[in-house]
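**Q** Would you mind keeping the following structure in view while I ask a few things?
The values are calculated or read from the model by the stated rules, or taken from the named source; none is laboratory data. Since this is a predicted model, take the numbers as computed values, not measurements. Every residue, glycine as well, gets a Cβ built from its backbone with ideal geometry; the counts of neighbours run over all protein chains shown.
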Amino acid sequence: MDPKDHQPLDGFDQLLRPHMERLYRLAWRLCGNKSEAEDLFQDVLTKIYVRLDDLADISEPATWLCRVMYNHFVDDRRKYSRQRMVIVSEAALPEQSVESLAGSDSPSDNAERADRLLRLGDALAQLSDEHHEVIQFHDIEGYKLKEIQEITGDPVGTVKSRLHRARARLREILANDGTFF
Amino acid sequence: MMNCEQLVDKFDDLMDGSLDAADMKALSTHTEGCERCQQMVSRETALRNLLQEYGDSNVPTPTATYFDEALVTAARTGRKQQQNRSWLKGFGSALAAGLAIWFFSGAFVQAPVGPGTDSGIPVITMAVEEARTVNLVFSSAVALDNATLTVNLPQGIEIAGFAGQQEITWQTSLSVGKNLLPLQLIATMPTDATLLATLKHGEDDRTFRLRVDVS
Ligand SMILES: [Zn+2]
């Protein structure tokens, strides 16, 4: 029963707000579906609330927050039993986002583009967890190698070679599929 | 001079935007003269762009209020966890001097001790702005895991550390013997009302009452 409980959102809101979107995306990347991503997101926010005093002293809060989420996910993988991103069906790509993907107004270009993305989603789903994860972090979400090292604890060199193998594998799957590249 | 192998190694740094000017220069000099690497770079870049598009296309955008609600929920749950912890520390410790009001024994048999009224409901009197520690004593004949205690406060009474909260819930377990929960009550306005504490375990529950008379 601490007096500071009287100001529940002070500081917390300010410190977390700038990172919410990135954290949410990471939760989604790790879990691959909405309900588990939102459970993970919520659990991690709660965990961070309890450790708010730590956060105030962190020089790179964005990376620290991602690490907390990643570790929480890894520790509790069973709870957030990851559904791979096989679920890239038409339904998963709402119409407006299919539209917004297109660089041109031509409907056939849109369709082709959407089709490529669907195939890409299928191919990603066939990767191993390790390869899937590294592509998610680096190529999809744009985390830098150094950040991935800080989040996962794997050295940059390891991340790099894993990334190369993951891309090669991805390209192989896409080629077998008769698709692009 | 950068060779093909070195170029492959530098490619991800290029993607990260973390190549220094010298490496950048070496890389473009190499690709100008090496068709294989030129193709590799454009192929990898195209895949990377597509992966990023894919990423943007399949993460749903949460509703505007989702983040607000998530922060509030986190604060509420986090606070509860902290409070559970601090309560558990005092819980089961030796009885502190104070007003022992509730006696809880065996399978939810209520036996109030301490000051009482004719109706059997114990009463305490307080003045406005007065703070007073009330020790809730639960004497249990058996260990109870996963019990829930909910305290409902009448208007005009607060518990220190839980300002503005009318209903407070803890999750805990009871040890065999006397289990103590000290609550610091604060009277904020005149009232004569009943504070309820409900202890729930599985399907069983028992509600304890305390009349608080604030004048
Ligand atoms: Zn070359």
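**Q** Restrict the check to the range B:7-14 and report whether at least one residue is among the acidic types (Asp, Glu), surrounded by fewer than 16 Cβ atoms within 10 Å (Cβ to Cβ), over 30 Å from A:SER35 (Cα atoms) and more than 8 Å from every other protein chain (Cβ to nearest Cβ).
**A** no
**Q** B:ALA74 is checked against (1) modelled with pLDDT of 70 or more; (2) crowded, with 16+ Cβ neighbours inside 10 Å; (3) under 21 Å from B:ARG206 (Cα atoms) and fails just one. What number does that condition carry?
**A** Condition (3) is where B:ALA74 drops out.
**Q** Mind listing just one residue for me: the one in the range B:15-44 that is within 45 Å of the chain's Cα centre (by Cα) and away from the ligand (no atom under 15 Å from the Cβ) and, of those, surrounded by the most Cβ atoms within 10 Å (Cβ to Cβ)?
**A** Among those residues, the one meeting the criterion is B:MET15.
**Q** Can you find, within the range B:39-62, the residue that is farthest from the other protein chains (Cβ to nearest Cβ) among those that are among the β-branched types (Val, Ile, Thr) and part of a helix (DSSP H, G or I)?
**A** Checking each candidate, the answer is B:VAL41.
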